[in-house]
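Worksheet for the structure shown next.
The values are calculated or read from the model by the stated rules, or taken from the named source; none is laboratory data. The structure displayed is predicted, hence computed values, not measured ones. Cβ coordinates were reconstructed from backbone atoms using ideal geometry, including for glycine residues, and neighbour counts include every protein chain displayed. What goes into the accessible areas is simple: the full protein's heavy atoms, side chains included, and nothing from ligands, DNA or RNA. Shrake-Rupley method; radii C 1.70, N 1.55, O 1.52, S 1.80 Å.
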Amino acid sequence: MAGQLGVLNALDVAKTQMYHFTAIVIAGMGFFTDAYDLFCISLVTKLLGRIYYTDYTKPKPGVLPPGVQAGVTGVALCGTLAGQLFFGWLGDKLGRKKVYGMTLMLMVGCSLASGLSFGSSPKSVMATLCFFRFWLGFGIGGDYPLSATIMSEYANKKTRGAFIAAVFAMQGFGIMAGGIFALIVATAFDHKYKVPTYEENHEASLVLPAFDYVWRLILMFGAVPAALTYYWRMKMPETARYTALVAKNAKQAASDMSKVLQVELQAEEEKVQHIVENKSQKFGLFSKQFAKRHGMHLLGTTTTWFLLDIAFYSQNLFQKDIFTAIGWIPPANEMNAIHELYRIARAQTLIAMCSTVPGYWFTVAFIDYMGRFAIQLMGFFFMTVFMFALAIPYDHWTKKENRIGFVVMYSLTFFFANFGPNATTFVVPAEIFPARLRSTCHGISAAAGKAGAIVGAFGFLYA
């Protein structure tokens with residue numbers, strides 16, 4: 001029924017124009033920031049352990065206690081889950097644009113606050129960091145349903161999948177940017193402070209308070225891209241589907257899209273009234289009609305995202321431990337604090353550059369030709385194949401001469417996660433639910449994914 005409205009039909013059949021790319025960049029920069037903020041913590045946990053938990057009488061530098069590491073690594077995911085549910089619901093109540101601005105300001109403030117975490121003891125610093133990272137995650141959570149819904153409602157039918165996937169693909173650049181910025185900071189401090197390895201001189205391998213600024217700078221940098229996009233986000237008009245079908249303002253929808261599409265559109269107030277008053281279009285989220293029409297859709301989007309994120313987040317957040325286990329990163333006592341950060345950041349950047357980012361853009365290129373189902377099935381299949389290939393002959397991969405093979409196989413799991421279910425689980429919920437419930441249902445689906453990420457993060461850590 002919604003397709004009968006002239007304004008929505010104009011959006012569906014519109015040729016690809018500059019405003020499409022503007023929307024991708026504006027919505028995508030949110031995802032760039034999300035990925036940076038979520039994954040940059042994995043770069044600095046080893047450094048945090050050295051700074052706050054090193055006992056110089058021990059032969060190895062300090063590490064975060066398991067409970068503290070679980071909190072620091074996983075608390076943002078808990079915040080993200082809560083934010084996805086809350087802001088997903090709010091996006092359908094107040095509108096995509098208004099809520100979008102709220103999430104962005106929360107992300108800017110909490111990125112800065114994370115870097116300013118304070119306290120007189122290691123325990124109080126970690127507690128403060130966890131507090132701000134929870135609320136940072138809460139803001140990030142809102143970005144998932146709102147970015148997806150806005151792009152879905154701006155896109156045309158022909159290339160909708162590619163446009164939504166392109167927004168999500170900015171996540172790859174965010175992960176890569178985290179690694180690159182950490183490399184820059186580590187290089188700068190390494191040039192400034194020439195320090196020995198921990199093995200050579202326990203105390204001299206860590207320069208305090210100078211090295212305490214390193215992790216703070218890395219966390220705070222996440223505020224920069226978020227702040228830069230705020231102005232452009234606020235300039236974007238509300239989506240026509242929300243304005244017409246949820247806010248019931250046909251005149252405003254036509255006016256907004258006339259400017260965007262640069263064509264004259266009529267305000268079809270009677271037609272909007274007829275659509276919104278149609279009883280078959282009034283069912284709520286907890287109604288029998290929703291369960292009958294979209295129950296299986298919601299079950300599918302939640303379970304696939306949940307299962308994917310168990311693997312995807314445990315792999316991403318604990319790359320450094322995997323690389324240490326196979327010997328790609330030397331033992332901690334053979335490095336100083338800054339060299340360890342440099343090695344971890346370099347490994348993450350290489351994986352992102354060679355497999356994570358290309359995987360996202362393969363999805364963008366092929367999703368509207370291969371279809372969502374085929375890409376998702378293919379991605380899950382090859383992730384399973386490569387993970388078994390790494391896990392079953394594990395002793396083979398720990399040998400020095402086989403390390404390159406391990407890294408190649410490990411990279412392929414990331415490639416097929418992103419040229420596969422990591423992208424499609426984001427795209428599908430933005431397309432198949434009705435406009436008045438779209439943001440809520442995407443938030444529920446994404447929250448199921450974050451529940452999987454929490455299982456993966458805490459499960460991997462304690463395993």
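What the table shows:
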| quantity | calculated |
| --- | --- |
| Probe 1.4 Å, protein heavy atoms only - accessible area per residue of region 1-87 in square angstrom | 34 Å² |
| FRET efficiency, Glu199 to Met102 (Cβ-Cβ, R0 56 Å, nearest 0.05) | 0.70 |
| Listed pairs Lys158/Lys235; Lys15/Lys157; Lys46/Lys320 exceeding 19 Å between Cα atoms | Lys158/Lys235 |
| Dipole in debye (nearest 20) - region 173-230, about Cα centre, beta carbon charges: Lys, Arg +1; Asp, Glu -1 | 280 debye |
| Net charge of Cβ neighbours under 13 Å - reference Ile329; Lys, Arg +1; Asp, Glu -1 | +2 |
| Degrees separating the helix 96-115 axis from the principal Cα axis of the chain, which is the longest one | 10 degrees |
| Sorted peptide list for 154-163, 370-379, criterion being average Cβ within 10 angstrom, highest first | 154-163, 370-379 |
| Computed helical MRE - 222 nm, the chain, DSSP H runs ≥ 4 contributing -39500 (n - 2.57), nearest 500 | -25000 deg cm²/dmol |
| Reachable aspartates and glutamates from Lys97, criterion Cα separation under 17 angstrom, eight or more residues apart if same chain | Asp143, Glu153, Glu238, Asp256 |
| Cα pair distances exceeding 17 angstrom across region 151-190, given as percent | 50 percent |
| Cβ-placed point charges (K, R +1; D, E -1), dipole of region 276-376 about Cα centre in debye, nearest 20 | 640 debye |
| Rounded to whole Å, sorted largest first: equivalent-ellipsoid semi-axes of the chain, Cα gyration tensor | 43, 23, 19 |
| Counted charge near Val44, where neighbours are those whose Cβ lies closer than 15 Å (Asp, Glu -1; Lys, Arg +1) | +3 |
| Partners for Lys123 among aspartates and glutamates (Cα-Cα distance below 18 Å; same-chain residues under 8 apart left out) | Asp55, Asp212 |
| Fraction of accessible area attributable to carbon and sulfur, region 299-378 (%, probe 1.4 Å) | 71 percent |
| Estimated FRET transfer efficiency (Lys259, Tyr369; beta-carbon r; R0 35 Å; 0.05) | 0.65 |
| Å² of accessible area per residue within region 118-205, as computed with a 1.4 Å probe and no ligands counted | 37 Å² |
| Region 1-52, accessible surface, carbon-and-sulfur percent (1.4 angstrom probe) | 66 percent |
| Translational diffusion coefficient (Stokes-Einstein; Kirkwood radius from C-alpha pairs) of region 374-420 at 10 °C, 1.306 mPa s, in µm²/s | 146 µm²/s |
| Cα-based Kirkwood hydrodynamic radius, region 394-463, one decimal, Å | 14.8 Å |
| Surface/4 of the Cα convex hull for region 220-333, nm² | 13.2 nm² |
| Distance (nanometres) between label positions extended 7 Å along Cα→Cβ at Asn9 and Leu299 | 3.7 nm |
| Neighbourhood charge, 11 Å Cβ-Cβ cut-off, centred on Cys78 and excluding it, Lys, Arg +1 and Asp, Glu -1 | +2 |
| Residues of region 286-368: accessible area per residue with a 1.4 Å probe, Å² | 41 Å² |
| Cα-based reach from Lys271 at 19 Å (exclusive), listing lysines while leaving out same-chain residues under 8 positions away | Lys248, Lys251, Lys279, Lys282 |
